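Quick notes on the structure that follows.
The values are calculated or read from the model by the stated rules, or taken from the named source; none is laboratory data. Note that the coordinates shown come from a computational prediction; the quantities given were computed from them, not determined experimentally. Neighbour counts are summed over all protein chains in view; Cβ atoms, including those assigned to glycine, are modelled from backbone coordinates with ideal geometry.
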């Protein structure tokens, strides 16, 4: 049985914090970059109704990573192969939402099953196994961190390039197509970016918890603003806060960082819901214009 | 006469063994208002898809501004059926209109001063200045549809394609939206192709009617086409076209989804 004191000291432990901080400096920086990525891609995931797809991609990404672990190959590369394959499959086969959801539901258990098979066959350290599902950025070595950051930067750049047409195609595909936008190409390109984003996020929070980085911050931001500029900014701020905050809090305790990340991100979401509701109550006009009702409020 | 905005030559379309229309020759001139009417399943929406390059003709050609159609085109302003925008969509009214002006441009959604002025002017034109900064998803169906007109006209397109844009709007908004579309062709010379199941809200504006029914079509002014003998011949059965208080009602058309029945809403032909 756990004593209360032990319990709390295991969750929050700040002895030798300064030294630890130095050790994980690179992880924190990488985490911040991944936060920027999650925060930027999140609004598109929500607008395009792809939350379930993210979950499906992450399970296949897990299978890819597990295969790589078993074969002694690069785990990050394995998870990327898995998630890009899954993302493209979902993108090509599932153009309609209903179709897409059933394809994901078919792919997901298959991927998870494969992953479990590969892990069962793997004879190495068991911590490696668990890390794939629940994430552990602190245990990722520096060269691999570099890979994560580079991939994240590529995805961020890609997003910035397609930002406006992707917004158009996400809000109203029919009108965008009538204007001559390559809606299908954009959609598949976005799935590829989403696959990469999922693969790198998995290294932080694990396959099971990826939604907390790619969806929760954006969903929270969309509760409090409708501005196309403010939404990604808030979403990035929330995602970075969750990751960096999670790493910092988890540092002393020796527990995985994922529960810290997911809890912070969930708390932010709750707060945003309450703020959004408060606004709606203080007057529809204020909620609409998103200008704080009168100075001093909010 | 200036060059036609839209031209169809010997155009035929069918699915499987079913023929929707064939040998359709049609030229729509700048500033012309063409209403496409007819019962459900006669290929009204397929005609729009053909013009948008999303549907290939069985035979014949379709060209836009003298060029064969292949895919969408920036010279088209498209107004779809009223479909409410999802809750939480991070766009305000003016952002929706802005997409019509610069949504094709790569990069981040920054607008130049001229573009912002243009959007402001369009918002004023469609009566949306008051809610320009409101989230789109908080607006009513009529408000959203006015914005879609704004989005379609902000780039001053040469052709306005309207797919049942008045569906599920109340009478006041039907009037407002159709007048906005009409003004665009009068003031800027846009050609209008307006697909509708009910010609009455736009009867005063229409130059010509393309009536599709029973695998046949007729083109002409409303007075030429919307007559009992013309429609009876098309349907091959006696049909009465009644005029009452400036409205047209078709009685006895075999398709139960009577094309001018104001209450037969929500039905659309397949594909």
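Scanning segment B:133-154 for residues that are more than 8 Å from chain A (Cβ to nearest Cβ) and out of contact with any strand residue (DSSP E or B) (no Cβ under 7 Å at 6 or more places or on another chain) turns up B:139, B:140, B:141, B:142, B:143, B:144, B:145, B:146, B:147, B:150, B:154.
Filtered by the rule that a residue be surrounded by 14 or more Cβ atoms within 10 Å (Cβ to Cβ) and out of contact with any helix residue (DSSP H, G or I) (no Cβ under 8 Å at 6 or more places or on another chain), segment B:117-140 gives a lone residue, B:137.
Residues satisfying the criterion are absent from segment B:158-173 (criterion: at positive phi and either more than 15 Å from the chain's Cα centre (by Cα) or at pLDDT 95 or above (or both)). Does segment A:153-172 contain any residue that is touching a strand residue (DSSP E or B) at 6+ places or on another chain (Cβ under 8 Å) and under 22 Å from residue B:104 (Cβ atoms)? Checked against the condition, which is being touching a strand residue (DSSP E or B) at 6+ places or on another chain (Cβ under 8 Å) and under 22 Å from residue B:104 (Cβ atoms), segment A:153-172 yields no hits at all.
Quick check: anything in segment A:186-198 over 20 Å from the mean Cα position of the chain (by Cα) and more than 15 Å from residue A:69 (Cα to Cα)?
Scanning segment A:186-198, I find at least one residue that is over 20 Å from the mean Cα position of the chain (by Cα) and more than 15 Å from residue A:69 (Cα to Cα), so the answer is yes.
Listed by position, the helices (runs of 4 or more DSSP H) enclosed by segment A:154-258 that each have at least 2 residues that are buried (at least 24 other Cβ atoms within 10 Å of the Cβ) and within 12 Å of chain B (Cβ to nearest Cβ) are A:173-178, A:216-224, A:230-250. Only a single criterion out of (1) within 24 Å of residue B:14 (Cβ to Cβ); (2) free of Cβ contacts under 8 Å to residues at least 12 places away in the same chain is not satisfied by residue B:229, namely (1). Taken together, B:100, B:14, B:71 contain a single residue that is farther than 22 Å from residue B:153 by Cβ and either out of contact with any helix residue (DSSP H, G or I) (no Cβ under 9 Å at 6 or more places or on another chain) or within 9 Å of chain A (Cβ to nearest Cβ) (or both), which is B:14.
Counting only strands (runs of 3 or more DSSP E) that fall entirely inside segment B:1-40 and contain at least 3 residues that are more than 20 Å from residue B:224 (Cβ to Cβ), the qualifying elements are B:6-15, B:18-28.
Can you find a residue that is free of Cβ contacts under 8 Å to residues at least 40 places away in the same chain and under 17 Å from residue B:34 (Cβ atoms) anywhere in segment B:152-162? So far as segment B:152-162 goes, no, none of its residues is free of Cβ contacts under 8 Å to residues at least 40 places away in the same chain and under 17 Å from residue B:34 (Cβ atoms). When residue A:269 is tested against (1) within 14 Å of chain B (Cβ to nearest Cβ); (2) closer than 17 Å to residue B:134 by Cα, only condition (2) is not met.
Residues that are within 7 Å of chain A (Cβ to nearest Cβ) and within 19 Å of residue B:136 (Cβ to Cβ) within segment B:105-115 comprise just one, B:109. From the list A:162, A:138, the lone residue that is modelled with pLDDT under 90 and in contact with a helix residue (DSSP H, G or I) (Cβ under 7 Å, 6 or more places away or on another chain) is A:138.
Against the condition under 30 Å from residue B:42 (Cα atoms), in contact with a helix residue (DSSP H, G or I) (Cβ under 9 Å, 6 or more places away or on another chain), assigned by TED's automatic domain parsing to the domain that holds residue B:65 and crowded, with 24+ Cβ neighbours inside 10 Å, how does residue B:149 come out, does it pass? No. The listed residues are B:22, B:54, B:81, and the only one of them that is facing chain A (nearest Cβ under 10 Å) and out of contact with any helix residue (DSSP H, G or I) (no Cβ under 8 Å at 6 or more places or on another chain) turns out to be B:81. Against the condition assigned by TED's automatic domain parsing to the domain that holds residue B:25 and either under 12 Å from residue B:36 (Cα atoms) or not in a strand (DSSP E or B) (or both), how does residue B:177 come out, does it pass? It is true that residue B:177 is assigned by TED's automatic domain parsing to the domain that holds residue B:25 and either under 12 Å from residue B:36 (Cα atoms) or not in a strand (DSSP E or B) (or both). Every condition in (1) crowded, with 24+ Cβ neighbours inside 10 Å; (2) in contact (Cβ under 8 Å) with a residue 40 or more places away in the chain holds for residue A:91 except the one numbered (1).
Looking at A:285, A:215, A:204, A:291 in this structure, which one is closer than 18 Å to residue A:156 by Cα and modelled with pLDDT under 90? Step by step, each of A:285, A:215, A:204, A:291 is checked, and only A:204 is closer than 18 Å to residue A:156 by Cα and modelled with pLDDT under 90.
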